[in-house]
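Take a look at the structure below.
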Amino acid sequence: MYLIDTNHCSLAILGNVNILSRLVEVEKSLVSTCVIVQGELIDMAASSQKQQINLALVINFITGIYIYNVDQQTANIYGQLKATLFNQFAPKEKSKRRKTKITDLGFGENDLCSIYPLLLLIMSLGIFIVK
């Protein structure tokens, strides 16, 4: 299974030889991304000067890969993961902790959403159990 992020999807759509070569090498594997990345790609295309052409390129690309959706299980895992990251890396002092954002810890909001498929894989292997 290959989970690709916005940057790699964008590079593939733009015809980056290295990315396309790698995707050809793994063609028999599941190549996927998440609905958040799909939304980012649509936003980038819709904000471009060549909207119709770029939207067609994005739609063509995402049609060929698996898209993980956001559902209630995703929301639960996201919330637990974010809380765990805060418990592990945020300041322990309440006044500082209240002002801390996930980005202050070195993580972006989309970073957390994008790892959902990986978490599903880990859970299916019995390595990680969500309480």
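For the stretch 2-68, the spherically averaged projection of the C-alpha convex hull amounts to 4.0 nm².
Across the stretch 21-33, rounded Karplus estimates of 3J(HN,Hα) from the backbone phi angles (6.51 cos²θ - 1.76 cosθ + 1.60, θ = phi - 60°) give 4, 5, 5, 5, 4, 9, 4, 7, 8, 6, 9, 9, 8 Hz, Gly and Pro being marked x. Once backbone amide H atoms are built at 1.01 Å from N, CYS34 has TYR68 as its partners under 5 Å, excluding neighbours fewer than 5 places away on the same chain. Only Cα pairs under 8 Å and 6+ residues apart enter the sum, and on that basis the relative contact order of the stretch 1-106 stands at 23 percent.
Say R0 is 41 Å: what FRET efficiency, to the nearest 0.05, do VAL17 and SER95 get from their beta-carbon distance? Intermediate results must be reported in sequence, preceding the final value.
Details: r = 51 Å, r/R0 = 1.25.
With R0 = 41 Å, the Cβ-Cβ based efficiency is 0.20.
Counting only lysines at least 8 places from LYS50 when in the same chain, there are none with an alpha carbon closer than 23 Å to its own.
Our note on the geometry: Cα centres of the stretch 46-85 and the stretch 1-43, 11 Å apart.
Whole-Hz Karplus values for the stretch 7-14 come out as 4, 5, 4, 4, 5, 5, 4, 7 Hz, taken residue by residue from phi with 6.51 cos²θ - 1.76 cosθ + 1.60 and θ = phi - 60°; glycine and proline positions read x. If the chain linking LEU105 and TYR2 were pulled fully straight, counting 0.36 nm for each residue of separation and taking away their Cα-Cα distance, it would gain 34.5 nm. Under the simplified labelling scheme, the GLN88-ALA56 pair shows an inter-label distance of 4.5 nm, with each label point 7 Å from Cα along Cα→Cβ.
Laboratory data are not the source of any read-out in this text; all were calculated from the coordinates shown. These figures come from a predicted structure and were not determined experimentally. Here the Cβ is made from the backbone with ideal geometry for all residues, glycine too, and neighbour counts use every protein chain on show.
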